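This report refers to the structure that appears directly beneath it.
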Amino acid sequence: MALTTYHHGITATESSNITPIMKSVSMSTIALVSTSIDADDIKYPLDTPVLLTGITTDDVTKAGAKDTLLSQCLQTIKSIQNTNVVVLRLAEPVEIDVVDTLLSCQSRLGVTPKILIAPEIDTPDMTRKLVEIAKKRRAFVYASPRNIDGSLITVTTEIAEYRDTFAARELMLIEGEWGVPAGK
């Protein structure tokens with residue numbers, strides 16, 4: 001056999017007459033689970049998902065005082081990337097079952113959040129609930145490692161043990177507080 005006719009490896013053939021069919025999915029819609037005791041009840045009703053298509057100063061103002069969790073989260077998201085946000089305001093952070101209303105976002109609001117967060121209230125139970133929703137919606141959860149009482153886990157070996165309690169590829173643990181670099 002002649003060496004010029006024998007081919008090892010992969011041969012690629014390109015065709016220019018095929019139109020690829022691609023479905024575009026927005027991966028930037030964030031579901032923010034938060035609390036605020038003094039938020040505007042009309043703008044942010046309790047236990048009901050609300051869609052913000054771009055965060056305005058009015059949205060931040062109606063989220064409550066500047067030191068409330070919801071207001072701080074919205075301001076931080078706005079300063080990084082002004083994107084679509086589904087806000088789910090809880091009366092108490094222990095109301096884990098209410099978070100299931102995020103599953104109805106597509107039918108209620110016309111969007112499916114792909115990033116799920118609950119800054120500072122991401123207890124193990126809340127994180128498990130968000131991961132459960134993420135698995136159903138092909139979404140992703142960002143959470144801090146916390147104890148059951150909500151205190152932050154800071155010891156590296158304990159963080160690894162906490163991580164091992166989840167068997168979820170949909171979860172990214174963030175070491176330290178939200179928005180605070182490690183070691184600060």
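What follows is calculated from the coordinates using simple rules that are stated; it is not laboratory data. Keep in mind the model is a prediction, meaning the values are calculated, not measured.
For the stretch 33-184, lysine pairs separated by 8 or more sequence positions, or belonging to different chains, with Cα-Cα distances below 26 Å total 15.
Relative to its residue count, the stretch 60-142 spans a Cα convex hull of 103 Å³ per residue.
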